[in-house]
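The values are calculated or read from the model by the stated rules, or taken from the named source; none is laboratory data. The structure presented is a predicted model; accordingly, all values stated were derived computationally and were not measured. Quick reminder, even Gly has a Cβ in these numbers, built from the backbone with ideal geometry, and neighbours come from all protein chains shown.
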Amino acid sequence: MPGSLFRPGVLSTPKPLPRPAAPAPRASGPASAPTAALSPRGALCGTRGIEGTQIAPIKGEVPGCGLSDGVKVTAISGIPFSDPLTIDCATAQAMKTWIDRGIVPAVGRKGGGIARIEIFASYTCRPRNNQRGAKLSEHGQGRAVDFGGVTLKNGRVIDVLTGWKSEPRMLRAIHAAACGPFGTVLGPKSDRFHLNHIHVDTAYYRSGPYCR
């Protein structure tokens, strides 16, 4: 069925360089979500083109997880997601920048353009890479999205796993464009955990974006 993506297990690859020790503290203010009553249709988080709704606070299953000012984003700039994004507003705004300036231009008019963006994950309370004992993932605070690829209007699916070789120019442009709007970008070249998706999150580091 168009839009269905396979997520096969992956075995091994050399370990990447470690990420910077700790994210820089977030500035408060603009990133906070406005109330739903003040958000016109298609302007969630005070940003035109972000569609969805505010959600009730999510209480974390473990210390460190949770989302107090979350939103459920169904589409950005008229492009729907395969699964709604449960994220915070800073991440929603970063997604809009990435989509408008990176994903849409990279795909262009191929296959008639983008019909849908394939999402593997957004909010989920878990350690990094689902590895026991690892640090809490930014997914656990609604600050991360796993991008799996795009479905084109002609029904063709370009996924990260196979497209990294079959559509290298497109997917490498998409990957590169995420570095800046997001503080962390991990693609197929980063490690064995990201061969089939591009992980992006808004954990900013004092040393600058960590993009692999």
Open item on the list: Just to verify a result, which residue in the stretch 70-103, among those that are β-branched (Val, Ile, Thr) and under 17 Å from His197 (Cα atoms), is surrounded by the fewest Cβ atoms within 10 Å (Cβ to Cβ)?
Closed with: Ile103
- [ ] Output the number of the condition that Arg212 fails; it satisfies all remaining conditions of (1) surrounded by fewer than 24 Cβ atoms within 10 Å (Cβ to Cβ); (2) farther than 29 Å from Lys110 by Cβ; (3) touching a residue at least 60 places away in the same chain (Cβ under 8 Å); (4) charged (D, E, K, R).
- [x] (2)
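For a quick check of your reading: which strands (runs of 3 or more DSSP E) sit entirely within the stretch 1-109 and have at least 2 residues that are modelled with pLDDT of 95 or more and closer than 23 Å to Pro127 by Cβ? Working first, answer last.
On the way: elements: 50-54, 70-76, 79-88.
Ranges flagged: 79-88.
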- [ ] Starting from the stretch 158-182, take each residue that is surrounded by fewer than 17 Cβ atoms within 10 Å (Cβ to Cβ) and list its partners that are not in a helix (DSSP H, G or I), counting only C-beta distances under 6 angstrom and pairs at least six apart or across chains.
- [x] none
- [ ] Could you check how many residues of the stretch 104-136 are more than 16 Å from Gly52 (Cα to Cα) and either β-branched (Val, Ile, Thr) or exposed (fewer than 15 other Cβ atoms within 10 Å of the Cβ) (or both)?
- [x] 16
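Can you find even one residue in the stretch 173-196 that is in a strand (DSSP E or B), under 18 Å from Gly111 (Cβ atoms) and not charged (D, E, K, R)?
Taking the stretch 173-196 as the starting set, the residues that turn out to be in a strand (DSSP E or B) are 179, 182, 184-186.
After this cut, where a residue has to be under 18 Å from Gly111 (Cβ atoms) as well, the list is none.
No: zero hits.
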